[in-house]
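Reviewing the structure listed below.
The values are calculated or read from the model by the stated rules, or taken from the named source; none is laboratory data. Keep in mind that this is a model prediction, so the values were computed, not measured. Glycine gets a Cβ as well: all are built from the backbone with ideal geometry, and neighbour counts include every protein chain shown. Surface areas here come from the heavy atoms of the whole protein model, side chains and all, with no ligands, DNA or RNA. Shrake-Rupley method; radii C 1.70, N 1.55, O 1.52, S 1.80 Å.
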Amino acid sequence: MTTAVPAGENSRTDVPLCTVRAEVSVPVDTGTGPAMARMMTFSGLLDGREHLALVFGDAPGPAPLVRVHSECLTGDVFGSGRCDCGPQLQEALGLLAADGGILLYLRQEGRGIGLYNKLDAYLLQDGGLDTFEANRELSFEADLRDYRVAAQMLDALGVTSIQLLTNNPDKAAQLMASGITVLESVRTGVFLHSSNRRYIEAKAQAGHRIVLTDTATA
């Protein structure tokens with residue numbers, strides 16, 4: 001499902017340019033088989049972190065499909081059932097491998113608070129707080145992720161207009177503020193089950209474009 005982004009909302013802030021520092025072809029497991037991706041690293045990123053781009057297919061078209069995915073070690077690598085990050089990543093890889101596009105993998109664990117703090121937040125969630133409340137209880141903002149680095153990476157790839165695979169309107173807003181034209185937002189699937197229902201409900205209440213069903217799958 002797609003959501004048109006209103007015209008005229010691009011108001012560029014100053015985002016320094018960065019450059020591609022290296023590129024290597026890597027076979028990537030998309031869940032339905034391997035696909036070749038060009039894995040790229042960058043110099044000059046605002047936060048100095050080691051963010052990656054995976055480019056599938058030939059040179060990006062005029063408005064490629066882009067997934068900006070924030071690192072979730074617990075979900076992406078270990079398959080944690082407390083979130084929907086792993087399934088969202090697998091869905092994105094499958095779509096991008098099939099039709100071409102770009103995955104930007106940002107090293108912003110736990111909405112920017114880091115891995116250890118995220119696990120501390122899990123303990124608070126076990127005590128009844130939701131994912132955003134737990135971050136605030138640890139004296140962080142609810143979401144510290146900064147998508148200006150994603151805009152830098154797209155600029156370095158020569159991409160200024162995109163279709164954005166996301167349910168999060170803040171992601172599109174930050175990219176547009178950084179000079180990227182988001183022609184439309186394409187919703188991800190809703191990977192709801194009994195272990196992550198509270199997490200997904202909290203995202204829906206925070207404004208993510210998620211339609212919840214009455215029952216969770218096993």
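Assorted remarks:
- Gain in span if fully extended, GLU184 to VAL24, counting 0.36 nm per residue against the direct Cα distance: 54.6 nm
- R0 of 30 Å, Cβ-Cβ distance THR160-THR32: FRET efficiency to nearest 0.05: 0.45
- A simple rule links phi to the HN-Hα coupling: the Karplus curve 6.51 cos²θ - 1.76 cosθ + 1.60 with θ = phi - 60°, which for the stretch 175-191 gives 5, 5, 5, 9, x, 8, 7, 9, 5, 7, 9, 9, 5, 7, x, 9, 9 Hz, with x for Gly and Pro.
- Considering only ASP126, ASP170, ASP84, the mean-square fluctuation computed in a Gaussian network model of the chain, springs between alpha carbons under 10 angstrom, is largest for ASP126.
- Under a model in which nothing but the beta-carbon of Lys, Arg (+1) and Asp, Glu (-1) is charged, the stretch 107-218 shows a dipole of about 240 debye around its Cα centre.
- Translational diffusion coefficient of the chain (Stokes-Einstein, Kirkwood radius from Cα pairs, 10 °C, 1.306 mPa s): 89 µm²/s.
- Mean Cα-pair separation over length for the chain, i.e. relative contact order, pairs under 8 Å, 6 or more apart, %: 25
- Considering only the stretch 1-150, percent of DSSP beta bridges that pair antiparallel, nearest 5: 80
- Computed accessible area, PHE140, all protein chains, 1.4 angstrom probe, square angstrom: 60
- Once the GluC sites (Glu not before Pro) in DSSP loops with at most 15 neighbouring Cβ atoms within 10 Å are cut out of the chain, the longest remaining piece is 51-140.
- Taking every alpha-carbon pair under 8 Å whose residues sit at least 6 apart, the stretch 96-176 reaches a relative contact order of 24 percent.
- In this rough spin-label picture, where each label sits 7 Å from Cα along the Cβ direction, the TYR122-ARG136 distance is 2.4 nm.
- DSSP beta bridges in the stretch 68-218 [antiparallel fraction, %, rounded to 5]: 0
- THR19 accessible area, 1.4 Å probe, all protein chains in place, Å² to nearest 10: 80
- A Gaussian network model of the chain, with springs between Cα atoms under 10 Å, assigns the largest mean-square fluctuation among ALA53, ALA173, ALA98 to ALA98.
- Positive dipole terminus of the stretch 54-157, leading residue within HIS69, LEU119, ALA151 (C-beta point charges): ALA151
- Placing pseudo-labels 7 Å out from each Cα toward the beta carbon at ASP170 and ASP58 gives an inter-label distance of 3.9 nm.
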